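Before any comments, here is the structure.
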Amino acid sequence: QQALVPSFEKKLRTMKACVGANQFFVRKILNERRVFMNSDTINYDWVMRKNRPPTPGNMEKVLSTLKQCVRDWSEEGKEERAMCYGPILSEIKKLFPKPSTKIRMLVPGCGMSRLVWEIANAGFHAQGNEFSYFMLLCSFLILNCTKKAAVYQLFPYIHQTQNQYSPRGQLTRVLVPDVDPSTIPDSSLSMNAGDF
């Protein structure tokens, strides 16, 4: 029977390597989790050692976060960002032709924080607000711990077995971030975790 699908084992090995690359990225995100652990009464090391399997809902959020990285922080997401964020950035430039960090802007539901970064990069002070810890942790890694472009490789579609145009689509590699996020002054960007 293996003769009927001779390349199947090779594809499985490739898929395993892609999952490993995603795992590396997720571990980098989790290495920064202590920023959000600000309670003296909780033993976070004990919580992490419990090593419980993720719930299906949380696993779906992790996979969604990987796909959001494509839109917000990769070259492949540039066109979609232009459609989503372009009108907002154009309106800001019309309303405030002379950028200044004294002009403060709030971005509620900022997701992966790319729009926040774009506003700060344009010369304004931008504050992002986000409820999802999945998005906050990932954007924290990109905004605060990444000092150059194309540091991480992701395979955001490796877990998606349906609606693939071709088998190669599932193996698509994406490099993030597409810019050096550390190029803006620290004082021009801030984040607030919680509900808007």
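A few points about this structure:
- Per-region count, region 151-173, residues of a type in the set (A, V, I, L, M) and farther than 21 Å from residue 111 by Cβ: 2
- Sub-8 Å Cβ pairs linking a first residue in region 105-119 that is over 10 Å from residue 72 (Cα atoms) to a second residue that is among the acidic types (Asp, Glu) and open to solvent by less than 30 Å² (accessible area, probe 1.4 Å), at least 6 apart or interchain, are 109/130; 110/130, ordered by first then second residue.
- Hits in region 166-196 (condition: in a loop (DSSP other than H, G, I, E, B) and in contact (Cβ under 8 Å) with a residue 12 or more places away in the chain): 171, 172, 173, 177, 178, 179, 180, 184, 185, 194, 195, 196
- Any chance residue 187 is more than 20 Å from residue 70 (Cα to Cα), open to solvent by 80 Å² or more (accessible area, probe 1.4 Å), of a type in the set (Ser, Thr, Tyr) and more than 18 Å from the chain's Cα centre (by Cα): yes
- Condition met for residue 111 (part of a loop (DSSP other than H, G, I, E, B) and not hydrophobic (A, V, I, L, M, F, W, C)): yes
- Residue check for residue 163: on the phi > 0 side of the Ramachandran plot and either open to solvent by 50 Å² or more (accessible area, probe 1.4 Å) or in a loop (DSSP other than H, G, I, E, B) (or both): yes
- Qualifying positions in region 88-108 - part of a loop (DSSP other than H, G, I, E, B) and of a type outside the set (Gly, Ala, Ser): 96, 97, 98, 99, 101, 102, 103
- Evaluation of residue 34 against the conditions (1) under 19 Å from residue 140 (Cβ atoms); (2) at pLDDT below 95; (3) open to solvent by less than 50 Å² (accessible area, probe 1.4 Å) shows that the sole unmet condition is (3).
- Checklist (1) closer than 22 Å to residue 195 by Cα; (2) exposed (fewer than 14 other Cβ atoms within 10 Å of the Cβ) applied to residue 86, failing item: (1)
The values are calculated or read from the model by the stated rules, or taken from the named source; none is laboratory data. Just so we're clear, the structure is a prediction, and the values are computed from it rather than from any experiment. Positions of Cβ are generated from backbone atoms using ideal geometry, with glycine treated the same way; all protein chains shown enter the neighbour counts. Only protein heavy atoms, including side chains, enter the accessible area calculation; ligands, DNA and RNA are left aside. Shrake-Rupley method; radii C 1.70, N 1.55, O 1.52, S 1.80 Å.
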